[in-house]
Amino acid sequence: MTAILPALPLLLVATLAVAPGAGATAAPATGSAPGAPGVDQQYLPADKSGLLTSRTRQSRVWATVQREGGLGEIFYPTIGGPSARALSFVVTAHGGVVPARVRTEQLDGLRFRQTFTGAGWRLTADYATDPARSTVLVDLALAAPRGHDLYAIYDPALGNSRAGDSGRTAGGALLATDGGVSSALAGSFAATSSGFAGVSDGRTDLRDGRMDWRYSSATAGNLVQTAALRGRHTTVALSFAGTAADALTAARASLRAGFPGVARSYAYGWQRYLSGLDDPPRVLRTAAQRQLYRTSAMVLAASEDKTHPGAYVAAPAAPWAFGTDDPSGPYHLVWSRDLYQIATGLIAAGDRAGAGRALDFLFGVQQKPDGSFPQNSRVDGTPVWGGLQLDEVALPIVLAYQLGRGDRWPGVKRAADFLVAYPGAPFTPQERWENQSGYSPNTIATAIAGLVCAASLARAHDDPASARRYLATADAWRARVKSWTVTTTGPYSARPYFLRLTKDGNPDAGTTYDIGDSGPVGVDQRRVVDPSFLDLVRLGVLPPADADVVNTLAVVDAQLGVATPRGFFWHRASFDGFGEQLDGSQWEYDEPGGSLVSRGRAWPLLGGERGEYEIAAGDLRAASARLAAMTHAAGPGGMLPEQVWDHTPPAGQSGRFAPGTPTFSATPLAWTHAQYLRLARDLAARRVVEQPAAVAERYLGRRSG
């Protein structure tokens, strides 16, 4: 792909070009940089091509690889927020601008290489993080005729804030500070400069192919730092610490260690991690599937914070309008639902210890005294959004049961008591897609499973009264789930089918609601379907052959299915607007209802859920096709996305956005990688491994496995 994305001009970080010269110039501009505070630019496109971090806890740095080239957000001291917006590389020469192409490849472990090619030149960038320090190392090799020069451009966002960074040159390195976080960019530099974004920064300066500005310092603002690199083969170190002096010490130590040694140590850490997991299942028939399986396990492991064990974030990205959040937004938070999904993926891969840490984090943030769980929280456990979602209360119970963690019984009891006593339950203030309230078959499935699992743990802790209460409630909800959520008067089929949700518990009524996210207003609830009802089967509440389940499959396929050359995918719900706008621009907050300016595309993780249903139904061939489709959905570097393009690409750009390839949504999404691991393991076992045995025994009359 080209390194230039015209639809996103403000988000570019790695424009590799041959820029025109301008003849003789005056002495370089020096002193303090003008133009404070500079232009605030949002975080970078969320479709990452790689994620880097070492397996050691002393290295508290994570780096993302941009599809269009260079490094994107770099996280420090936690994965809960970036401390850098970008580290990119620019090639200049006399003779005009020459487009460049970028190719990303995954090396051993979570290590990545990018190759940039232009007319007559090539730049190779190898990335790794130092296991001994909070340092990102980049090994650069430029093959080009004389007259080509290489520059590094660093855009800090220290302490998860894009403004307020001050910078200076000291000891031949570029230092930056904002409050209690500092960075040092070090290497073999011929010249350095600190300036302000869009005014006195390197991107602006290098448009004529020369580095004319050598500003020694810049006051607090939207800092961008630039270094002219010496030599055709060189290494750059970007280190973070509490002070600039400590950051510089770390950068110099990493440079002394050398890129080859650091890269070997980095790769060895990931090799050790993989060797401690279960072997990839034999059902993974291609090298691409086996590689993606290992990558998925590593992405999940890399998504865990190193200061707060068990705090796995949703994604190391900030898609669309979330990239304007300062500090960064919801994808860098921990969600109870996502954490359950991640933990089940870790269990599937053989990392029960990681799943156990996730469970401990969940019950560590459980709300007291009521027993609910935060909608989301920072990695230190601080709640952020104030919504309540009953599936996020139920799923930690299921996870505790699956892990055999009877020691969590007090927290399980509080959560189960909350579900039973919550007014109007199983009506939920929000279901799993966050933007609607009602009677959701998905939420009800999780609540039933949670209560049955809680009853099993109650009996083990000699609390038969609680067990009876939980089972009575679960049985009552199971008996009514269809009367709340299955319509017999809907427009999509003469036979009954499940709805996404009902507002009033009367699925045969034409009750209307606004879809949200720019979707239509006043929509009849009988016209809104969602594949998420399949959790009724996955969790053992209903059998796969249930007539209403089977009929809803056909409805969902017709209404939400997307056939692509890479496989079959599904939208998450009818009329979904959570995605790029129709002209290709980003989804925005508070798009007015009924404006229809944005459109959600297809979600690969839903293919994994469909595959789990097909395994439960005994159709292993169909489930294998779902695994293949998920494999084909991976972007460069083996990163699985939140969404892939359907057949409505941005207007006039169909050639650039092939159906089944990643959109600009959050990539990698930990939930998608977890679903890939689960589907592969389930296929190997020929059953849904994470189906709670207690639920299957009670409602299906058999043990789950």
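Any read-out appearing in this document is the output of simple, stated calculations on the displayed coordinates, not a laboratory observation. Here the structure is a predicted model, which is why all the values come from computation and not from measurement. Counting neighbours? That spans all protein chains shown, and the Cβs are built from the backbone with ideal geometry, glycine included.
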Ordered by packing density, taken as the mean number of other Cβ atoms within 10 Å over each peptide's residues, highest first, how do 449-460, 505-516, 338-349, 521-532 rank? 338-349, 449-460, 521-532, 505-516
Note: probe point = Cα of D380 + 7 Å toward Cβ; backbone nitrogen < 20 Å; residues of the stretch 209-244 passing the test are 240-244
Relative contact order of the stretch 9-271, please, whole-number percent, based on alpha carbon pairs below 8 angstrom and at least 6 residues apart. 24 percent
Under 19 Å from the Cα of K503, which lysines turn up, not counting those fewer than eight places away in the same chain? K482
Using the count of nearby Cβ atoms within 10 Å as a rough guide to exposure, how do R621, R414 rank from fewest to most? R621, R414
Around G519: net Lys/Arg minus Asp/Glu count, Cβ-Cβ under 11 Å: -3
Pairs of alpha-carbon atoms within less than 8 angstrom and 6+ residues apart define the contacts here; what relative contact order does the chain have, in percent? 12 percent
Mean residue ellipticity at 222 nm from the helices of the chain, using -39,500 (n - 2.57) per DSSP H segment of n ≥ 4 over the full residue count, to the nearest 500 deg cm²/dmol? -9500 deg cm²/dmol
To make sure I understand the rule: partners must be lysines, Cα under 22 Å from the Cα of K413, and not fewer than 8 residues away in the same chain. Which ones qualify? K368
Could you work out how far apart the two model spin labels at N506 and D407 are, taking each label as a point 7 Å from the Cα in the direction of the beta carbon, and quote it in nm? 5.1 nm
Excluding residues fewer than 8 places away in the same chain, name every one of the aspartates and glutamates whose C-alpha is closer than 13 Å to that of K306. D380
With a Förster radius of 51 Å, plug the Cβ-Cβ distance of D326 and A545 into 1/(1 + (r/R0)^6) and report the FRET value to the nearest 0.05. 0.50
Counting other Cβ atoms within 10 Å, which trypsin sites (Lys or Arg not before Pro) in the stretch 174-263 have at most 14 and lie in a DSSP loop? R230, R232
Whole-number percent relative contact order across the stretch 427-582, with pairs defined as alpha carbons under 8 Å at least 6 apart: 21 percent
Fully extended contour minus Cα-Cα distance, from A563 to L107, at 0.36 nm per residue: 161.0 nm
Between helix 390-402 and the chain: long-axis angle, C-alpha atoms, 0 to 90°, nearest 10: 90 degrees
For T286 and S217 in the same chain, what is the full-extension length gain: residue separation times 0.36 nm, less their Cα-Cα distance, in nm? 19.5 nm
How much length, in nm to one decimal, is gained on full extension between R352 and R207, taken as 0.36 nm per residue of separation minus their Cα-Cα distance? 47.0 nm
Helix 336-349 sits off the longest principal axis of the Cα atoms of the chain, rounded to the nearest 10 on a 0 to 90 degree scale, by 90 degrees
In degrees, nearest ten, helix 670-685 long axis to first principal axis of the chain (Cα): 50 degrees
